[in-house]
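Chemist: Here it is, the structure in full.
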């Protein structure tokens, strides 16, 4: 199957403002790209691509004063299969983990493992290790947090989401990531496109999605505590320790987001 993905962001900048963006389809999907999702700006400005410390494709430019439209529109090939479910995927002993996974065992800006370690071991210390333990964490987070855009807050951490019991997809992911790390399971934050393919209506407004990956059985697997069911058509944009590493845009000056639109549609 093919999926059309893209976005349109309209900002108003009162002054010339440097901008970093993490918005392109992840390099692991490069062979699936049918129509590249090139970033375009109006007015046009020079765009300088780079890779960040996690390997994500990024762009940087200086926005001129006034309104500015940022957009992309691409097509990606997808298997049409739901997220993998591998009940036999096992946990690794910490000493056996590959070096590149170790940073995803540690606390980070939004995932306070120091505050949640006792909670995690009390809740999941007796759960079967491996896939079943990560799924138990997702089940708990799905029950614990009530979804609602009115509960969104850019400063909300995993500890706060745990105590407040409300949030958006990134809060679900942050809490699950923190609990996995507390149980010595590497977990990393993911952002990307996730449409309603294979899901019955009614459909909510389209947005970028946040989920996470856990390292089990020698590879990374996707988990989604907000939806908590395997989904079709997940298109990765970026990965990091938490949402602080993969902001959609990072602006170095005052601005107003005037309009925001995202699409993820199956191509007939």
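The values are calculated or read from the model by the stated rules, or taken from the named source; none is laboratory data. Every value quoted in this text rests on a predicted model; they were computed, and no experiment measured them. Neighbour counts are summed over all protein chains in view; Cβ atoms, including those assigned to glycine, are modelled from backbone coordinates with ideal geometry.
Here's the yes/no breakdown for (1) in contact with a helix residue (DSSP H, G or I) (Cβ under 9 Å, 6 or more places away or on another chain); (2) free of Cβ contacts under 8 Å to residues at least 60 places away in the same chain; (3) assigned to a strand (DSSP E or B):
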| position | (1), (2), (3) |
| --- | --- |
| 12 | no, no, yes |
| 30 | no, yes, no |
| 41 | no, yes, yes |
| 61 | no, yes, yes |
| 68 | no, yes, yes |
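Chemist: Could you say which residue among 42, 71 is more than 18 Å from residue 192 (Cβ to Cβ), outside the structural domain of residue 230 (by TED's automatic domain parsing) and touching a strand residue (DSSP E or B) at 6+ places or on another chain (Cβ under 8 Å)?
Modeler: Numbers: 71 fails: more than 18 Å from residue 192 (Cβ to Cβ).
None of the other options fit; the residue is 42.
Chemist: Examine the stretch 194-211 for a residue that is in the same structural domain as residue 113 (by TED's automatic domain parsing), surrounded by fewer than 24 Cβ atoms within 10 Å (Cβ to Cβ), over 15 Å from the mean Cα position of the chain (by Cα) and under 27 Å from residue 124 (Cα atoms), and state whether such a residue exists.
Modeler: No, every residue in the stretch 194-211 fails to be in the same structural domain as residue 113 (by TED's automatic domain parsing), surrounded by fewer than 24 Cβ atoms within 10 Å (Cβ to Cβ), over 15 Å from the mean Cα position of the chain (by Cα) and under 27 Å from residue 124 (Cα atoms).
Chemist: In the stretch 239-252, what residues are farther than 22 Å from residue 222 by Cα and surrounded by 14 or more Cβ atoms within 10 Å (Cβ to Cβ)? It would help to see each step written out before you state the result.
Modeler: Of all residues in the stretch 239-252, those farther than 22 Å from residue 222 by Cα come to 249-252.
Across the stretch 239-252, the qualifying residues are 249, 250, 251.
Chemist: Looking at (1) farther than 16 Å from residue 21 by Cα; (2) touching a strand residue (DSSP E or B) at 6+ places or on another chain (Cβ under 9 Å), can you tell me which one residue 200 breaks?
Modeler: (2)
Chemist: For the stretch 203-232, which residues satisfy the criterion of being without any contact (Cβ under 8 Å) to a residue 40 or more places away in the chain and closer than 25 Å to residue 9 by Cα?
Modeler: Once the filter is applied, which keeps residues that are without any contact (Cβ under 8 Å) to a residue 40 or more places away in the chain and closer than 25 Å to residue 9 by Cα, the stretch 203-232 yields 203, 204, 205, 212.
Chemist: Give me the helices (runs of 4 or more DSSP H) completely within the stretch 96-185, filtered to those with at least 1 residues that are at pLDDT below 95 and not assigned by TED's automatic domain parsing to the domain that holds residue 220, ordered by residue number. Walk me through it before giving the result.
Modeler: Values: elements: 113-124, 131-144, 158-164, 169-182.
Ranges flagged: none.
Chemist: Given the conditions (1) surrounded by fewer than 21 Cβ atoms within 10 Å (Cβ to Cβ); (2) more than 16 Å from the chain's Cα centre (by Cα), which single one is not true for residue 182?
Modeler: (1)
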